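Below: the structure, in structure tokens.
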Amino acid sequence: MILLAVATVVSEESLRIVPLIHANRVVVSFELQDAYDDSVRDAIASGLRTTFAYELELRARGWVDRTIATTIVATTDHYENLTRQHTLTRTVDGRVEEALVTEDGAVVKAWLTKWNRVPLADVAKLDPSRDYYVRVTTRTQPVGGSFLGMRRVITGQVRFTFVP
């Protein structure tokens with residue numbers, strides 16, 4: 001199976017998206033670069049629960065684009081000032097998939113900004129030689145919000161053609 005991809009990113013931060021075919025599934029790896037900045041570190045250090053949520057959409061291109069699959073993943077960091085430990089939680093479609101307690105800032109950054117091989121759809125749902133794209137929309141909370149409570153939103157997408 002061949003997957004041809006072209007990246008398009010619309011954001012101030014760089015969002016790298018890589019769709020792959022693995023075990024007859026479309027899986028997506030992505031990294032939100034430059035988003036883990038001083039404002040994020042300050043919010044975390046203050047003890048505010050900080051969440052980076054990502055909505056992944058697999059869509060078929062056409063006159064009217066059709067959604068094939070959607071998955072929502074999120075990482076939440078709750079920093080405890082007394083113990084100086086971060087409790088990290090990863091969820092996929094609302095289910096807790098993984099949790100970790102760490103004191104390492106590099107681990108916190110990686111958990112908040114990088115995901116590897118998130119399953120999105122079975123290849124059986126794809127038509128051969130049709131154009132598709134994966135869109136990733138990120139939302140951070142509470143960091144980057146305005147006084148109105150709005151979140152910072154970053155969107156990127158990658159087009160590809162599925163050739164079995």
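At 7 Å along the Cα-to-beta-carbon direction for both L48 and T161, put a label point, then send me their distance in nm to one decimal.
4.6
May I ask you to compute the full-extension gain from T70 to D122, defined as 0.36 nm times their residue separation minus their alpha-carbon distance, rounded to one decimal in nm?
That pair, T70 and D122, stretches by 17.5 nm at full extension.
Compare V64, V136, V73 in a GNM of the chain, Cα atoms joined below 10 Å, and give the one with the largest fluctuation.
Sorting by GNM fluctuation, first place goes to V64.
Of the candidates T50, T140, T67, which one comes out as most mobile in a Gaussian network treatment of the chain with C-alpha springs shorter than 10 Å?
T67
So what are the ³J(HN,Hα) numbers for the range 39-49, from phi and the Karplus equation (6.51, -1.76, 1.60; θ = phi - 60°), rounded to whole Hz, Gly and Pro as x?
For the range 39-49, the Karplus-derived couplings read 5, 5, 4, 5, 5, 5, 4, 6, x, 5, 5 Hz, x marking Gly and Pro.
So which residue, out of S14, S29, S129, gets the largest mean-square fluctuation from a GNM of the chain using Cα contacts under 10 Å as springs?
S129
Between the range 96-119 and the range 127-141, what is the C-alpha centre distance in whole Å?
22
May I ask you to derive the FRET efficiency for N24 and K109 from their Cβ-Cβ distance with R0 = 30 Å, giving the value to the nearest 0.05?
0.40
Would you grab the residues whose amide H sits under 5 Å from the one on R130? Only those 5+ places off in sequence or on another chain, please, with H modelled 1.01 Å from N.
Hits under the 5 Å cutoff: F162.
Values quoted throughout were computed directly from the atomic coordinates according to the rules given, and no laboratory measurement underlies them. What you are looking at is a predicted structure, and each value in this text was computed from that prediction instead of being measured. So basically every Cβ, Gly included, is an ideal-geometry build from the backbone, and we count neighbours across all protein chains shown.
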